[in-house]
1. For ASN30 and GLN5, compute 0.36 nm times the residue count separating them, minus their Cα-Cα distance, and round to one decimal in nm.
2. Give me the compactness ratio for the chain, meaning the Cα radius of gyration over 2.2 N^0.38 Å.
3. To test your reading of the geometry: what angle, between 0 and 90 degrees and rounded to tens, separates the Cα axis of helix 5-19 from the longest principal axis of the chain?
4. Where does helix 38-53 land angle-wise versus the long Cα axis of the chain, in degrees 0 to 90, nearest 10?
Amino acid sequence: MYTTQKQVRESFWNFLKEINPELAKEKRTNKSQNDYKTDIRVSFVQYVDDLNKDGQIKNSLATKVTL
């Protein structure tokens with residue numbers, strides 16, 4: 001179970017490396033969420049939603065986590 005935004009973000013980037021390494025190369029610490037391509041943002045939202053549905057994160061974390 002993930003309890004922090006940092007854990008969710010790290011997990012997402014690791015997941016993205018597996019499914020789409022080209023998109024994962026876009027990761028930058030100095031980018032804000034809206035600086036990323038739409039495909040990355042949509043993938044992140046879907047990833048967070050799936051974590052929440054699977055009970056891996058609480059609703060409160062799912063509603064506030066950002067890239």
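1. Values: separation 25, 0.36 × 25 = 9.00 nm, distance 1.63 nm.
Between ASN30 and GLN5, full extension yields 7.4 nm more.
2. On the way: Rg = 11.3 Å, N = 67, 2.2 N^0.38 = 10.9 Å.
Cα Rg divided by the expected 2.2 N^0.38 Å: 1.04.
3. 50
4. With rounding to tens, the tilt is 20 degrees.
Every number in this text was worked out from the coordinates using simple rules, so none of it is lab data. Keep in mind it's a predicted model, so treat the numbers as computed, not measured.
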